[in-house]
1. Please give the number of the condition Gly51 fails out of (1) touching a helix residue (DSSP H, G or I) at 6+ places or on another chain (Cβ under 9 Å); (2) more than 20 Å from Pro9 (Cβ to Cβ).
2. So the check is Cβ under 8 Å with 6+ separation or different chains; which pairs have a first residue in the range 59-73 that's aliphatic (A, V, I, L, M) and a second one that's part of a helix (DSSP H, G or I) and at pLDDT below 80?
3. I need the full set of residues from the range 10-25 which are surrounded by 12 or more Cβ atoms within 10 Å (Cβ to Cβ) and either within 21 Å of Leu91 (Cα to Cα) or among the aliphatic types (A, V, I, L, M) (or both), in order please.
4. Would you confirm whether any residue within the range 26-38 is in contact with a helix residue (DSSP H, G or I) (Cβ under 6 Å, 6 or more places away or on another chain), more than 16 Å from Tyr6 (Cβ to Cβ) and either surrounded by fewer than 13 Cβ atoms within 10 Å (Cβ to Cβ) or hydrophobic (A, V, I, L, M, F, W, C) (or both)?
5. Between a residue in the range 10-35 that is more than 26 Å from Asp64 (Cα to Cα) and any residue that is part of a helix (DSSP H, G or I) and modelled with pLDDT under 95, which pairs come within a Cβ distance under 7 Å, given they are 6 or more apart or on different chains?
6. Any idea which residue in the range 94-119 is nearest to the chain's Cα centre (by Cα), counting only those that are surrounded by fewer than 23 Cβ atoms within 10 Å (Cβ to Cβ) and farther than 17 Å from Lys23 by Cα?
7. Quick one: count up the residues across the range 74-119 that are outside any helix (DSSP H, G or I), without any contact (Cβ under 8 Å) to a residue 40 or more places away in the chain and touching a Leu at 6+ places or on another chain (Cβ under 8 Å).
8. What single numbered condition from (1) at pLDDT 90 or above; (2) acidic (Asp, Glu); (3) out of contact with any helix residue (DSSP H, G or I) (no Cβ under 7 Å at 6 or more places or on another chain) fails to hold for Asp76?
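The values are calculated or read from the model by the stated rules, or taken from the named source; none is laboratory data. These figures come from a predicted structure and were not determined experimentally. For neighbour counting, all protein chains shown are included, and Cβ atoms are generated from backbone atoms with ideal geometry for every residue, glycine included.
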Amino acid sequence: MNLTIYHNPSCSKSRKTLELIEKNGIKPKIVEYLKVPPSAETVLNLASQLGLRVVDMLRSGESDFAAIVENAALDDDAALAAGVRNHPRALQRPIVVDEDAGKAVIGRPPENVLALLQK
């Protein structure tokens with residue numbers, strides 16, 4: 001299984017999700033998205049794999065959320081995705097992608113990742 005985790009090592013849910021993946025014998029590709037923010041194209045692809053609008057991938061409680069949405073209409077996925085590049089902290093975490101199946105889940109709660117692992 002070819003998994004990628006968009007990971008924030010400071011986040012307990014992200015750490016727990018990574019631990020759950022590794023306990024299932026999988027060594028995922030780890031993308032520390034705060035160090036290397038995803039491109040707008042990557043965010044749009046993640047939204048598609050999650051089956052969500054970009055706004056639904058954002059943490060509305062984060063201060064960076066306001067910085068993104070003040071420059072984009074909430075229904076403009078492309079503008080919101082571009083905003084994530086400058087404000088990656090607003091992105092939900094972790095996001096885990098099954099690269100082979102083209103599917104993704106948000107690891108909140110961490111057990112959501114089991115849907116990818118139990119194919």
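1. Condition (1) is where Gly51 drops out.
2. Qualifying pairs under 8 Å: Ala72/Ala79; Ala73/Ala79.
3. Cys11, Lys13, Ser14, Arg15, Lys16, Thr17, Leu18, Leu20, Ile21
4. no
5. Asn24/Leu117
6. Per the stated criteria, the residue is Ile106.
7. 3
8. Unmet condition: (1).
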